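Structure, as structure tokens:
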Amino acid sequence: MITIYGCYRSRASRPLWLLAETGTPFTHVPVIQAYRLPDADAPDAPVNTRSPAYLAVNPIGQIPAMVEGDLMLSESLAICLHIARAHGGSLGGQTHAEQALLENWALFAATSIEPHSLAIMQGKDAGLIAVEAAKLSRGFARLEAHLAGREWLLDRFTVADIMVAECARYAQGHAELMQTYPLLAEWLKRCQARPAFQTMWVTRNAEPA
Ligand SMILES: N[C@@H](CCC(=O)N[C@@H](CS)C(=O)NCC(=O)O)C(=O)O
């Protein structure tokens, strides 16, 4: 049985969306980020990223983490790749080449998309946001070109769409940037229209902000 540690308002959204796609049974432990609590060390604090019980699972003290049998994974995209490979059917790679493509998209999402999209979402300063938008344009232009004539990143919906869409989502509020990449914007909406995304999203939005 898979256990996912991490509240929905975190990068745990990625494997939680994927698990909703696959219908794989799992246990959920909604560990919350310590910095979101007034006193994470208080005896009555909810289980959080500084709780000894959680650090015993994932010593790095970040969410998400996944445990399945003896296997513990602490990187959201590695968790997604594992679930897709072990439980995902057509959401995972069917050949070595497809598996390599999924891994390529995971690393692309983590290095070319997430740092800049996150900086845009968290940015308070217009100048800094503009710098990050310019940096993100390189990855977004690559996606825009790739999506010409394609519905999904591979020849069907796969874990690659989940990983890249979840990293791109942070920049979705930047209207000007999204207008520059219409195929990307449409693909993101297509991903988010999936019932499994909606299941994840409704649960996420029901959590306290
Ligand atoms: N590269 C990691 C990053 C994990 C991460 O930064 N998680 C955040 C929540 S989304 C966290 O645990 N923050 C609390 C902390 O760093 O103390 C992944 O993708 O899983």
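The values are calculated or read from the model by the stated rules, or taken from the named source; none is laboratory data. Keep in mind the model is a prediction, meaning the values are calculated, not measured. When we count neighbours, we look across all protein chains shown, and the Cβ atoms used for this are built from the backbone with ideal geometry, even at glycine.
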Open item on the list: Residues that are within 30 Å of K135 (Cα to Cα) and aromatic (F, W, Y): list the helices (runs of 4 or more DSSP H) wholly contained in segment 12-120 that include at least 1 such residues.
Closed with: 13-22, 96-108
Task: Selection within segment 55-96 - among the charged types (D, E, K, R) and touching a residue at least 12 places away in the same chain (Cβ under 8 Å) - done: E68, R85
- [ ] For segment 38-57, indicate whether the set of residues that are surrounded by 17 or more Cβ atoms within 10 Å (Cβ to Cβ), under 18 Å from the mean Cα position of the chain (by Cα), closer than 22 Å to L18 by Cβ and of a type in the set (A, V, I, L, M, F, W, C) is non-empty.
- [x] no
Open item on the list: Out of the residues in segment 154-165 meeting the condition of being surrounded by fewer than 21 Cβ atoms within 10 Å (Cβ to Cβ) and not charged (D, E, K, R), tell me which one is nearest to L18 (Cα to Cα).
Closed with: F157
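Which one is farthest from the ligand (Cβ to nearest atom) among residues in segment 19-68 that are polar (S, T, N, Q) and more than 22 Å from A196 (Cβ to Cβ)? Please lay out each step first, then the result.
So in segment 19-68, the residues polar (S, T, N, Q) come out as 22, 24, 27, 33, 48-49, 51, 58, 62.
Retained after the next criterion (residues that are more than 22 Å from A196 (Cβ to Cβ)): 33, 48-49, 51, 58, 62.
Working: Q33: 4, N48: 9, T49: 5, S51: 12, N58: 9, Q62: 3 Å.
Only one residue tops the list, namely S51.
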Open item on the list: It is to be established whether one or more residues within segment 82-89 are in contact with a Pro (Cβ under 7 Å, 6 or more places away or on another chain) and not acidic (D, E).
Closed with: yes
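For (1) surrounded by fewer than 23 Cβ atoms within 10 Å (Cβ to Cβ); (2) touching a residue at least 24 places away in the same chain (Cβ under 8 Å), each residue gets a yes or a no:
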| site | (1), (2) |
| --- | --- |
| M1 | yes, yes |
| E21 | no, yes |
| I32 | yes, yes |
| R36 | yes, no |
- [ ] Output yes when any residue across segment 43-50 is under 26 Å from A106 (Cβ atoms) and either touching a Phe, Trp or Tyr at 6+ places or on another chain (Cβ under 7 Å) or touching a residue at least 12 places away in the same chain (Cβ under 8 Å) (or both), and no when none is.
- [x] yes
Open item on the list: Go through (1) touching a Phe, Trp or Tyr at 6+ places or on another chain (Cβ under 8 Å); (2) in a helix (DSSP H, G or I); (3) more than 21 Å from S10 (Cα to Cα) for A196 and report which single condition fails.
Closed with: (3)
Task: Verdict on V202 being exposed (fewer than 15 other Cβ atoms within 10 Å of the Cβ) and either of a type in the set (V, I, T) or assigned by TED's automatic domain parsing to the domain that holds L37 (or both) - done: yes
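May I ask you to say which residue of A34, A53, A65, A12 is within 21 Å of A160 (Cβ to Cβ) and modelled with pLDDT of 95 or more?
On inspection, the qualifying residue turns out to be A12.
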Open item on the list: Among the listed residues L91, L16, L71, identify the single one that is away from the ligand (no atom under 14 Å from the Cβ), in contact with a Phe, Trp or Tyr (Cβ under 8 Å, 6 or more places away or on another chain) and of a type outside the set (S, T, N, Q).
Closed with: L91
Task: Criterion violated by E151 - all others in (1) surrounded by 16 or more Cβ atoms within 10 Å (Cβ to Cβ); (2) part of a loop (DSSP other than H, G, I, E, B) satisfied - done: (1)
Task: Matching entry among E75, E68 (being out of contact with any strand residue (DSSP E or B) (no Cβ under 7 Å at 6 or more places or on another chain), of a type outside the set (S, T, N, Q) and closer than 26 Å to T158 by Cβ) - done: E75
